[in-house]
1. Taking the Cβ of ASP28 as the centre, find all other residues whose Cβ is under 15 Å away and add up their charges (Lys, Arg: +1; Asp, Glu: -1).
2. What aspartates and glutamates does LYS125 reach when the alpha-carbon gap must be under 20 Å and sequence neighbours fewer than 8 apart in one chain are set aside?
3. Please work out which option in [x] 53, 40, 21; [y] 54, 33, 24; [z] 164, 21, 17 gives Cα extents along the principal axes in Å calculated from these coordinates, and answer with its label.
4. Could you name the aspartates and glutamates in cross-link range of LYS17, using Cα to Cα under 18 Å and dropping any fewer than eight places away on the same chain?
5. Tell me, what ³J(HN,Hα) does each residue in the range 37-46 have, in order and in whole Hz, if you take phi through Karplus 6.51 cos²θ - 1.76 cosθ + 1.60 with θ = phi - 60° and put x for Gly and Pro?
6. Relative to the longest principal axis of the C-alpha atoms of the chain, give the angle of the C-alpha long axis of helix 111-134, reported between 0 and 90° and rounded to the nearest 10°.
7. Net charge near SER86: determine it from the other residues with C-beta under 12 Å of the C-beta of SER86, scoring Lys and Arg +1 and Asp and Glu -1.
8. What FRET efficiency comes out for ALA68 versus GLU89 if R0 is 30 angstrom and r is the Cβ-Cβ distance? Round to the nearest 0.05.
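Read-outs throughout are calculated quantities, based only on the coordinates presented, and are distinct from any laboratory measurement. All of these numbers come straight from a predicted model, not from anything done at the bench. Here Cβ is always computed from backbone atoms with ideal geometry, including for glycine, and neighbour counts include all displayed protein chains.
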Amino acid sequence: MPDIKMPEISINTDLAKAAKDIAAVAKDATYVVIGAGVLGYQHAQVQRQELIKFLAEPRADLEDRVAAVRTDLGGALRNVDSTVVSLVERFEEIIERLETAVAPLEDRLPPQARDLAKQAHVQAKDARTQLRSRIPTVAA
């Protein structure tokens, strides 16, 4: 049989090399785990930002709609206010015309009836003043 020689293996050299290889693999694995964690964190941040944007869009749309409704409502209130003011002015004109037309007739009344008519005019004027003060206006 041929003579086979076994190579000499240095245990110290192989163990040191194996330890270095294991340390390098462990180091690489640590970097991979840390990198995966960073990527996962960044992905979560992107999803959070997208969710915030998604939730903010309906709110902004709703705020725009509310602002439009407020504007429309404000315009309608101003229109109602001007209409009420116009009607009050017309009623005042009609009342003044009636008082002007009735004034000559009151002068022909007996003194007691004339005094009662004047009191009625004063009370009617006070009632109109109170009514005007109770009509709400947009400017108030």
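1. Numbers: positive: LYS20, LYS27; negative: ASP21.
Spelling it out: positives minus negatives among the neighbours equals +1.
2. Those aspartates and glutamates meeting the cut-off are GLU89, GLU92, GLU93, GLU96, GLU99, GLU106, ASP107, ASP115.
3. Computing Cα extents along the principal axes in Å and matching it to [x] 53, 40, 21; [y] 54, 33, 24; [z] 164, 21, 17 gives [z].
4. GLU8, ASP28
5. x, 5, 4, x, 5, 4, 5, 5, 5, 4
6. With both axes taken from Cα atoms, the answer is about 10 degrees.
7. Details: positive: ARG90; negative: ASP81, GLU89, GLU92, GLU93.
Result for the neighbourhood of SER86: -3.
8. Numbers: r = 32 Å, r/R0 = 1.07.
The calculated FRET efficiency here is 0.40.
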